[in-house]
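Participant: My questions all concern the structure below.
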Amino acid sequence: MDVSQPKRVLITGGSSGLGKALALCFANQAHKICIADLNDERGQETLEQLNALSGEAIYQHCDVTNQDDLDACVAAMKEQWGGIDVIINNAGVASGGPVDWLSADDWKWIMDINFFGVVKGCQAAIPSMKEQGFGHIVNVASMAGLLNPAGMSNYNVSKAAVISLSETLVTELKPHGIGVTCLCPSFFKTNLGESMRSPDQATANNLSKLMDSSDELTAEDIAQAVYDAVASNQFLLMAKLIRC
């Protein structure tokens, strides 16, 4: 996709962490940004920063487990800018613990957000992209979906599912002029730990240590790599490709 021309970009979980870095990266190149998030206070703070840049931005309260919320984001973009060019399904949470300690609710919670939130984002954006004959989808997975570290079974599976979905979409959407990028970063400093849900405190502590010990890979590095991947229609974007 030619990102030298202004694009209309929807970013879920766009008010903090990687989502905010992505929003600022695209806005710095004069793209129009819709940030979708549950945290209205952070959303407004990020919106002010985006509007201070050369691009345009709007904020939508959005729960990615709710299809109506995601449909409303796309509808708002159509009303404001006439359509959507890029969706970045970034919203996600952390969870883990010994597999025999995890409850059915633990599994459902993370799959509803990390996987079905991505599915619903795609379902919200794809009809408009098909109608206009172009677009790009970025699905944020994780290296955990490829390497499957112990003690994180439900998180690993949620991210592996995103990878599988993304691989399927590449072939399915190519005839419609829609590109797909699947991002699989390793752990980096972000606020993912705020969402951590685990029956095992040791698992939560380990996640915090993993993120705190990552000094080289930053959210800004990843955001720039995503921007470049959209421009080049690169499918699999792994941490080792972005200075890890």
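Participant: How long are the semi-axes of the equivalent ellipsoid of region 19-132, defined as square roots of 5 times the Cα gyration tensor eigenvalues? Whole Å, largest first.
Facilitator: Numbers: eigenvalues 157, 60, 25 Å².
Each semi-axis is the square root of five times an eigenvalue, giving 28, 17, 11 Å.
Participant: Using a 1.4 Å probe, what is the accessible area per residue for region 13-69, in Å²? Present the calculation step by step, with values, prior to reporting the outcome.
Facilitator: Numbers: 2390 Å² over 57 residues.
Accessible area per residue: 42 Å².
Participant: Specify the inter-centroid distance of region 22-98 and region 143-182, based on alpha-carbon positions, in whole Å.
Facilitator: 21 Å
Participant: Could you work out what % of the accessible surface of region 76-179 is carbon and sulfur, using a 1.4 angstrom probe and leaving DNA, RNA and ligands out of the count?
Facilitator: It is 57 percent, rounded to a whole number.
Participant: So what are region 92-159's ellipsoid semi-axes, whole angstrom, largest first, if each one is the square root of 5 times an eigenvalue of the alpha-carbon gyration tensor? Before the final figure, lay out each step's value.
Facilitator: Details: eigenvalues 173, 33, 7 Å².
In descending order, the three semi-axes are 29, 13, 6 Å.
The values are calculated or read from the model by the stated rules, or taken from the named source; none is laboratory data. This one's a predicted model, so the numbers in the text were calculated from it and none came from an experiment. Calculation scope for accessible area: heavy atoms of the full protein, side chains included, ligands and nucleic acids excluded. Shrake-Rupley method; radii C 1.70, N 1.55, O 1.52, S 1.80 Å.
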